[in-house]
Amino acid sequence: MEQELRGRFQIKLDGKGRLGLPSALHQGSENSSFVITNSQYQGSRCLDVYRADEWEALEARIAQMSSLKREVQAFQRFYIAGGQAVNGDSQGRLLIPKSLREYAGLEDQIVLVGMGKKLEIWNLTEWQKIFDNLATQFEDTLNVIASLDMGAGHA
């Protein structure tokens with residue numbers, strides 16, 4: 001079973017647009033395949049990064065949906081078609097394609113956010129706005145999550 005992608009890391013892109021994966025995420029990343037695609041949350045642009053096997057599983061799930069539905073077509077055009085394969089180098093770095101860096105407004109300071117099966121890559125300024133908003137709403141979010149988990153015996 002693959003290690004879950006977790007944690008939040010503020011890092012710097014190098015001059016070529018490469019990010020060095022933090023040691024917590026670096027294990028096994030050299031010569032590993034990833035897919036990076038455009039995404040957004042609450043109107044703010046970011047990138048999603050999947051291990052190649054997770055991306056293939058996502059593509060397989062989408063392929064099972066009706067391609068006649070507008071929403072499926074829109075998802076394929078925006079998210080699936082935006083996916084670009086990248087490989088980790090021997091130093092655990094990933095080169096973020098220029099078109100995706102431009103889409104997400106990535107400059108030198110970025111934030112990696114572990115989301116379990118994927119990573120998100122954020123422009124630092126955009127992430128700070130999103131995170132501040134999440135923090136402000138956290139008690140309400142916690143109440144909703146708690147109600148979804150009723151009876152499971154978890155804290």
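Readers should treat all values here as calculations from the given coordinates under stated rules, not as data from a laboratory. Worth saying up front: this structure is predicted, and the values here are computed from it rather than measured. Cβ: placed from backbone, ideal geometry, glycine included. Neighbour counts: every protein chain shown.
Tabulated data for the structure shown
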item: Residues (over 22 Å from L119 (Cα atoms) and in contact with a helix residue (DSSP H, G or I) (Cβ under 8 Å, 6 or more places away or on another chain)) located in the range 61-97; result: M65, S66, S67, V72
item: Residues satisfying the stated conditions in the range 31-66, i.e. part of a helix (DSSP H, G or I), in contact (Cβ under 8 Å) with a residue 24 or more places away in the chain and surrounded by fewer than 19 Cβ atoms within 10 Å (Cβ to Cβ); result: A52, D53, E54
item: Scan of the range 112-148 for residues that are over 18 Å from N38 (Cβ atoms) and in a loop (DSSP other than H, G, I, E, B), ordered by number; result: Q137
item: Some residue of the range 104-111 being small (G, A, S), closer than 20 Å to F34 by Cβ, in contact (Cβ under 8 Å) with a residue 60 or more places away in the chain and in a helix (DSSP H, G or I); result: yes
item: The listed residue being in contact with a Cys (Cβ under 7 Å, 6 or more places away or on another chain), under 24 Å from R8 (Cβ atoms) and either surrounded by 11 or more Cβ atoms within 10 Å (Cβ to Cβ) or not polar (S, T, N, Q) (or both), out of E139, E120, E102; result: E120
item: Tally of residues being of a type in the set (A, V, I, L, M) and farther than 13 Å from Y41 by Cα across the range 116-138; result: 3
